[in-house]
């Protein structure tokens, strides 16, 4: 009669494997519950030289009510079924989520995520937590973004080293006159003449920046791409069949005058370097 030998099963290995899998699933689940922006409890004096230089440029804008330091998470890692959570101590909006509307990704250092708020019934009478949008972009490793929440507006700038500055714009500084479009008859005729409103159009944009603009902005390339992205999203949400894309971003030797932006625009239109 053949003797039967007992076979020892590798219980320890099974237990370890199960623990590893549970740990990985737990990390994924926790990541999906994280806010896209994390508050950083650091002070300006703790920043390095590069970060302080970029922060100084933002302070010199003189248009921000407050500036907070945050860390931006990878949208791909913290999104949950197309939703991004935003939870910060200075944005009193409970259960604030943005639903994805557009995502473009080239690689880890170049992507764009755009979404709109998921409206809640309890937000209907809340002037701070109603409709809004979130744009997060990464251009050549630098993050830039924009957040709107009803009557609040935030801009996100990269200070480098994993630290971003979330700046709340003081909207009271921008009057209707400063933000209004030119709606005179000649301007309207010029923009609409020979154009089919139902025609899908794509326009190339050449971005030129002056030495003064370079000294003013923390990230010229990011700011230009963000501006184009915001306009394209606005047109798409409005059903306008038009879009822009940047042909190039180039420096221009030009000194701004003191007679206002329109005088500079007219002078630029006669600038042979800009024309070429």
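Every read-out reported here was derived from the displayed coordinates using simple, explicitly stated rules and does not represent laboratory data. These numbers were taken from a predicted model, which means no experiment stands behind them. Here Cβ is always computed from backbone atoms with ideal geometry, including for glycine, and neighbour counts include all displayed protein chains.
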Between residue 201 and residue 46, what is the spin-label point distance in nm, taking each point 7 Å from the Cα along the Cα→C-beta axis?
5.1 nm
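Compute the length gained on full extension between residue 108 and residue 66: take 0.36 nm times their separation in residues and subtract their Cα-Cα distance, giving the result in nm to one decimal. Don't skip to the end; give the middle numbers.
On the way: separation 42, 0.36 × 42 = 15.12 nm, distance 2.98 nm.
In short, 12.1 nm is gained.
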Rounded to the nearest 0.05, FRET efficiency between residue 210 and residue 116 (Cβ-Cβ, R0 41 Å) equals 0.75
Hey, fewest Cβ within 10 Å first, where do 235, 113 land in order?
235, 113
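So how much slack lies between residue 234 and residue 246, counting 0.36 nm per residue of separation and subtracting their Cα-Cα distance, in nm? Don't jump to the answer; show the numbers that get you there.
On the way: separation 12, 0.36 × 12 = 4.32 nm, distance 1.67 nm.
Between residue 234 and residue 246, full extension yields an extra 2.6 nm.
Quick check on the exposure proxy: order 52, 152 from fewest to most C-beta atoms within 10 angstrom.
Result, fewest neighbours first: 52, 152.
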Which order do 158, 80 fall in if you start with the one that has the fewest other Cβ atoms within 10 Å?
80, 158
